1. With every protein chain kept in place and ligands, DNA and RNA left out, what is the accessible area per residue of the chain? Probe 1.4 Å, answer in Å².
2. Residues with beta-carbon under 15 Å from that of C39, excluding C39: net charge, scoring Lys, Arg +1 and Asp, Glu -1?
3. Find which of L20, T4, V37 sits farthest along the positive direction of the dipole of the chain, computed with +1 on the beta-carbon of Lys and Arg, -1 on that of Asp and Glu, about the Cα centre.
4. Given a 1.4 Å probe and every protein chain left where it sits, what share in percent of the accessible area of the chain is carbon and sulfur?
Amino acid sequence: MSSTNTTVIHCPSCGAQIELVIDCSVPFQEYIEDCEVCCRPIILAVSVDEDEQISVDARDENGG
């Protein structure tokens, strides 16, 4: 059974606060999600450790 958790990031393009739902059963995942405010793509690299501590690297398509 997979567990989920939420975390908050800021869009690297417009700075909007965005809540993400993370599947904690996957230790590393990378995917693209569009900002709910400015609709620009956000590249997300998500790591979850054995204690379900979430680390998110959010960058725009230009690496910023």
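1. Accessible area per residue: 65 Å².
2. Result for the neighbourhood of C39: -4.
3. V37
4. 44 percent
The values are calculated or read from the model by the stated rules, or taken from the named source; none is laboratory data. Keep in mind that what you see is a predicted model, and the values were worked out from it rather than measured. Cβ coordinates were reconstructed from backbone atoms using ideal geometry, including for glycine residues, and neighbour counts include every protein chain displayed. Please note that ligands, DNA and RNA were not included when accessible areas were found on the heavy atoms of the full protein model with its side chains. Shrake-Rupley method; radii C 1.70, N 1.55, O 1.52, S 1.80 Å.
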